[in-house]
Amino acid sequence: MSLLELIDRADERGLAAAGLACLDRCLPLLAPEGSDVLRPVWAAVARGDGAAWGEAIAKARVELEGGADEAAVLVREMLGAAPAEWATEPLREWASGCSVTALVLHGRYDAADATEELIARCRAGDATGAGPLLAGELRRQHTVLESVAHGPTGLRRARELSTEGGRVLRAVVSRRARTA
């Protein structure tokens, strides 16, 4: 099943987790030293608590200011686009946008040239030509959506994948900075 199909079939919790996981994996581009600022947002997703979700998102926006390079701006925009409302359609739109942004950001640091066309093909199920970083992000997004479809217990796996993905991206960015 393609990433687009998984997003279309996800419920509110799955959509919130999918968008949040993308944001969490890209967070090293905004907060390179690491941050637990998204922990309360994850907790709200686990509880399916719309009021706590809105509060946690608002607090994270305040705490995650800074970073002027283009990648940091895109990550901040992902957070800024998070809906305060816990409702299917706004969450679906946000999760889909986060998916694209995360793939774009990973594609920028990949060995292969990640064009807009390649990212669209990846989301539709054809990852031919994707480099290892982009392919890994695509797999993580897919696995997160499949995991959270199994209910609240799948959130643990989603968080693990986000932590792992954040470490991978942080390492690639660090390696690039050392060789530049």
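Worth pointing out:
- Selection of segment 144-180 for residues being surrounded by fewer than 20 Cβ atoms within 10 Å (Cβ to Cβ), hydroxyl-bearing (Ser, Thr, Tyr) and either in a helix (DSSP H, G or I) or at pLDDT 90 or above (or both) yields 163, 174, 179.
- Looking across 62, 73, 41, 100, one residue alone is free of Cβ contacts under 8 Å to residues at least 60 places away in the same chain, under 21 Å from residue 135 (Cα atoms) and aliphatic (A, V, I, L, M). It is 100.
- Exclusive hit being among the polar types (S, T, N, Q) and out of contact with any helix residue (DSSP H, G or I) (no Cβ under 7 Å at 6 or more places or on another chain), set 115, 88: 115
- Of all residues making up segment 1-10, the number that are surrounded by 15 or more Cβ atoms within 10 Å (Cβ to Cβ) and not in a helix (DSSP H, G or I): 1
- Meets criteria (open to solvent by less than 40 Å² (accessible area, probe 1.4 Å), in contact with a Pro (Cβ under 6 Å, 6 or more places away or on another chain) and assigned to a helix (DSSP H, G or I)) for residue 21: no
- Exclusive hit being within 20 Å of residue 175 (Cα to Cα) and either within 15 Å of the chain's Cα centre (by Cα) or not acidic (Asp, Glu) (or both), set 38, 15, 27: 27
- Within segment 96-143, the set of residues being of a type in the set (Lys, Arg) and open to solvent by 60 Å² or more (accessible area, probe 1.4 Å) comprises 108, 121, 139.
- Filtered residue count, segment 76-97, keeping only those that are free of Cβ contacts under 8 Å to residues at least 24 places away in the same chain and of a type in the set (A, V, I, L, M): 1
- Condition met for residue 61 (buried (at least 17 other Cβ atoms within 10 Å of the Cβ) and either within 17 Å of the chain's Cα centre (by Cα) or in a loop (DSSP other than H, G, I, E, B) (or both)): no
- Qualifying residues in segment 64-77 (those that are within 15 Å of the chain's Cα centre (by Cα) and open to solvent by 10 Å² or more (accessible area, probe 1.4 Å)) - the one farthest from residue 95 (Cα to Cα): 73
The values are calculated or read from the model by the stated rules, or taken from the named source; none is laboratory data. From a predicted model like this one, the values you see are computed outputs, not experimental measurements. Virtual Cβ from ideal backbone geometry, glycine too; neighbours counted across all protein chains shown. When the accessible area is computed, the model is the full protein with side chains, heavy atoms only, and any ligands, DNA or RNA have been set aside. Shrake-Rupley method; radii C 1.70, N 1.55, O 1.52, S 1.80 Å.
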